[in-house]
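Novice: I am attaching a structure below and will ask some questions about it afterwards.
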Amino acid sequence: MKPIIIGNWKMHLTASDVGDYARTFLAEPDILTKAEVTICPAAPLIPAVAGAFSNSPVQWGGQNAHWETQGAFTGETSMAMLSNLGCRLVLCGHSERRKFFHETDEMVSRKVEQATAHSMVPVLCVGETYEQRHQQQHEVVVMEQIRKGIDLLSAFPSLALYVAYEPVWAISTNQAIEPNPSDIIAMARLIRNALREELPTGAESVPILFGGNVNPQNAKKFVDGEVVTGVLVGGASLNPKTFHQIVTQLV
Ligand code: PEP
């Protein structure tokens, strides 16, 4: 199976930066065919990213969308809008959404449902804070995020889901403490067990990714190819050369 590598540009770059980024990133395209690479820019940049990467192995996705199909939600983006722009996946419940925009597990669950209803792969982001790990609550917190996050998926005949385990304390803009890879694999195994318990079918094939200050030096440590099969990359995806090096490390 190809490693899954998702770049999350967060609220960085502009549409004017996309052409140069794509030229640099696509300079060695052969490597890119050996991985499943998706870039998630901020919503207004998606058409530029789609234009720059449409004839390449690189796909694109959304960082977030609303849980309602449409309506009077000023400033929001719908799943239909992302799907219409060719997004293949959408991040649901990123820790920055949970922290700064007060997204609850219930909201995240409806986003996962809406992404699925619009034929995109929801990337369910889960992860505990530093305090929660310190208080030995990390397993309880993450299992709850998984259970509630996938709550509405049983209504769909087929399952397309990724899970990204991102301990909040490991993300580059937080404490960025480098986790012990064995702790990441252990949590990924628990996530797999929770998926087995909650999903009627398909739990074995849900890819589990790691995110938290992934860079070319550490990427391989966290991807064992069996339990963890990919990465969600924030800061290091902003530089096309660095992001390409991460792909090179994982293929
Ligand atoms: C992220 O945005 O999901 C992330 C893990 O960020 P970073 O790689 O910068 O820690």
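What follows draws every value from the coordinates through simple rules; no lab data is involved. Computed from a predicted structure; not experimentally measured. All Cβ positions, glycine included, derive from the backbone under ideal geometry; neighbour counts span all protein chains shown.
Novice: Under a 10 Å cutoff between Cα atoms, tell me which one of GLN114, GLN63, GLN217 has the largest fluctuation in the Gaussian network model of the chain.
Specialist: For the chain, modelled as a Gaussian network with Cα springs under 10 Å, the answer is GLN217.
Novice: Taking amide hydrogens as modeled 1.01 Å from N in the peptide plane, which residues meet the under 5 Å criterion relative to GLY127, leaving out close sequence neighbours?
Specialist: Sorted by chain and number, the residues that satisfy this are GLU166.
Novice: When you take every Cα atom in segment 4-250, what is the radius of gyration, and what is Dmax, the widest Cα pair distance, in Å?
Specialist: Just the Cα atoms of segment 4-250 yield Rg and Dmax of 16.9, 48 Å.
Novice: Using the Karplus curve 6.51 cos²θ - 1.76 cosθ + 1.60 with θ = phi - 60°, what ³J(HN,Hα) values do you get for each residue of segment 47-60, in whole Hz, with x for Gly and Pro?
Specialist: x, 5, 5, 4, x, 6, 10, 4, 9, 10, x, 8, 10, 9
Novice: Still on this model: Determine, for the chain, the count of lysine pairs separated by eight or more sequence positions (or lying on different chains) whose alpha-carbon distance falls under 26 Å.
Specialist: The result is 20.
Novice: What ³J(HN,Hα) values, in whole Hz, does the Karplus curve 6.51 cos²θ - 1.76 cosθ + 1.60 give for segment 14-19 when θ = phi - 60°, with x put for Gly and Pro?
Specialist: Coupling constants for segment 14-19: 10, 4, 5, 7, 5, x Hz.
Novice: Next question. Please list, by residue number, every one of the chymotrypsin sites (Phe, Trp or Tyr not before Pro) in segment 89-197 that is coil in DSSP and has at most 13 other beta-carbon atoms within 10 Å.
Specialist: On the way: sites: PHE100, PHE101, TYR130, TYR162, TYR165, TRP169; in loops: PHE101.
In loop regions of segment 89-197 (DSSP not H, G, I, E or B), the sparsely surrounded chymotrypsin sites (Phe, Trp or Tyr not before Pro) are PHE101.
Novice: Full-extension gain between GLU76 and SER182, please, as 0.36 nm times their residue separation minus the C-alpha to C-alpha distance.
Specialist: Numbers: separation 106, 0.36 × 106 = 38.16 nm, distance 3.86 nm.
My answer for the length gained is 34.3 nm.
Novice: At most 11 other Cβ atoms within 10 Å and a DSSP loop assignment: could you name the chymotrypsin sites (Phe, Trp or Tyr not before Pro) in segment 1-81 that fit? Please list the in-between numbers first.
Specialist: On the way: sites: TRP9, TYR21, PHE25, PHE53, TRP60, TRP67, PHE73; in loops: TRP9, TRP67, PHE73.
Answer by residue number: PHE73.
Novice: Another question about this same structure. Enumerate the calculated ³J(HN,Hα) couplings along segment 230-236 in order (Karplus 6.51 cos²θ - 1.76 cosθ + 1.60, θ = phi - 60°), each rounded to whole Hz, writing x wherever the residue is Gly or Pro.
Specialist: 3J(HN,Hα) across segment 230-236, in whole Hz: x, 9, 10, 10, x, x, 6.
Novice: Report the residue, chosen from ASN64, ASN213, ASN174, that carries the largest GNM mean-square fluctuation when the chain is represented by alpha-carbon nodes joined by springs under 10 Å.
Specialist: Judging by the Gaussian network model, the answer is ASN174.
Novice: Let me ask something else. Remind me, relative contact order of the chain in percent, using alpha carbon pairs under 8 angstrom and six or more residues apart?
Specialist: Working: 477 pairs, mean separation 50.9, N = 251.
For the chain, the relative contact order is 20 percent.
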